[in-house]
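A short write-up of the structure that comes next.
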Amino acid sequence: MTAFDAELMARALAIARKGDPSPNPHVGCVIARQDGERYEILSEGFHELAGHDHAEMAALRLAGEDARGATAYVSLEPCNHQGRTPPCVDALIQAGIRRVVVGCRDPNPNVTGGGIDRLREAGIEVEMSKLERDAHELIEAWTKYVTTGHTFLSLKLALSLDGRIATRTGASKWITGGESRAFSHELRARHDAVMVGINTVLTDDPRLTVRATLGRNPIRVIVDSKLRLPLDKKLVKTASDVSTCVVTTEEADARHMAALEEVGLSIIMVPATAEGRCDMRAALRELAKREVVSVLCEGGAELAGSMLAAQHVDRLHAFVAPLLLGPRGRPGAVDWAGPEGISDAPRLAYPRWQLHGDDAYVTGRMTYPK
C-alpha cells in the first residue's frame, strides 16, 4: 500500500455518498496516477442512479486514455456480472488500469464470480484498503437488503438529558435546536422511506417531507394496526404528491381502506402480533419487496420500543438536547420494558459523537446480546 492509498480511498467513499442509486449500493471511484511523493487525480465518478453508469464507468469515461497505467480506487469490489449495466471489470481491463484498490468485497450472495479474481487473472494488481470498515458502513443498508431480503431500519430519537420527548403537559416543540432539525432532514433524504406510528400522526399531524436541505422526499410509511388514520391529516391530503403507504392488519375497516386508497395511499397488509400490533418483521420484508432498501423510523415512543424489543433496529441516530423535562415528562423516548440487567442491554458499536449546535448527536450500529 502506498502513502496515498488511504487518502484516495477516503475520497472515493466521500464522493460515493453523492449518489442516490437505491436499490443499488453507493459506490465511488477515483482514478489517480502516483509519482514518488506526489499524486494526480485523473477523474472521479459515483453511481448516481440505478440504471446509470456505475462509478467505475463514470470515472473511466472522464479519464479517457489517461487511465492506462493508472490506479483505480473503488469503494466496492467491481462487478463481474451483467445487470442493468455491463460488468465493470471488463471496462477496467480494457482501459488498461494497472492497479485497483478495493474498499470492501461485494457481499451480494446472488452474484457469481468475484470481480477481484477476474482482475487478478487479467494481470491487474489488486489490494484491499485499510478503510474496509468505512466501506462496509457505506453499504450497510444495501448489504442487509441483498443478504436477508429485509429493509434496513434506522431509529431516530430526539430527547432531553433525562430521556423525555415531551413535558408533563405534552409540549414537545422544539426539544432540539435548529441545527439538529436540519440534519434530521438530511437523514430523511438519505433513506428510501420514513416511518411513524399512528399516534404520532394523530398528535403531531406531520408532513414527513424533506424541507431543510436538498434531496428527494422519502416514501412515507404509517404503522396503523387498526387503520385509524383520518382523511383530514396532512399525510393523506398530500398522498398524491408524495408516495405514502399504511401498514395495517386484517382488523382494518374495508370501507376506510378503500377511501384511503382512493386518495392515493397504498395499503400493506401484514399479520397481527399476539398484542394486536403490526408484525414489523413482515412489514420490513414487504417494504423490501417494493425495493425500499432503508427506512428511518421517527417515532413515536411505542413504535420505537417495539422495534428495539424485537431487535429490528439496525442503526440508531439520537439527538440529546441540554435540557431537563423531569420525571413526569411524558412519555419517555422509548416505551418498552427494557433489559433485566446491564449485560442484556443493546449497545452501539463504534459510536460516533458530534455536536449540532448545542445538541449532542450520537450514531452507531445496534448490537444485541445473544
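Just so you know, all these numbers are worked out from the coordinates, no wet-lab data involved. It should be emphasised that the depicted structure is a prediction, and the values quoted were computed from it without experimental measurement. Note: ideal-geometry Cβ built from the backbone for every residue, glycine included; neighbour counts use all protein chains shown.
Things to note:
- Counting only Cα atoms, region 5-140 measures 39, 27, 25 Å along its principal axes, largest extent leading.
- Remark: the Asp335-Lys226 segment gains 37.3 nm on full extension, using 0.36 nm per residue and subtracting the alpha carbon distance.
- Cα pair distances in the chain, grouped into 10 Å bins until the bin that holds the longest one, percent each: 5, 22, 28, 23, 14, 7, 1, 0
- Ser306, Ser129 arranged by Cβ crowding within 10 Å, fewest neighbours leading: Ser306, Ser129
- Relative exposure of Lys234, Lys289, judged by other C-beta atoms within 10 Å (fewest first): Lys289, Lys234
- Å³ per residue enclosed by the Cα convex hull of region 181-256: 86
- Taking all pairs of distinct alpha-carbon atoms in region 149-367, Kirkwood radius in angstrom: 17.8
- In order through region 35-46: 3J(HN,Hα) via Karplus (6.51 cos²θ - 1.76 cosθ + 1.60), integer Hz, x for Gly, Pro: 9, x, 8, 10, 9, 10, 7, 7, 6, 9, x, 9
- Euclidean distance of C-alpha centroids, region 49-63 and region 306-323, integer Å: 36
- Taking the helices alone, the chain has a mean residue ellipticity at 222 nm of -8000 deg cm²/dmol, built from -39,500 (n - 2.57) per DSSP H run of at least 4 residues and averaged over all its residues.
- Highest-MSF residue in the chain out of Gly28, Gly115, Gly36 [GNM, Cα springs under 10 Å]: Gly36
- Three-way shape label, region 129-262, alpha-carbon gyration tensor, a/c 1.5: oblate
- Stretch gain in nm, segment Ile342-Arg98, where the contour uses 0.36 nm per residue and the Cα spacing is subtracted: 82.6 nm
- Partners of Lys226 within straight-line reach, counting lysines whose Cα lies under 27 Å from its Cα and excluding those fewer than 8 residues away in the same chain: Lys156, Lys234, Lys237, Lys289.
- GNM top mover of His136, His256, His317 - the chain, alpha-carbon springs below 10 Å: His256
- The orientation-averaged shadow of the Cα convex hull for region 33-102, equal to a quarter of the hull surface, comes to 4.5 nm².
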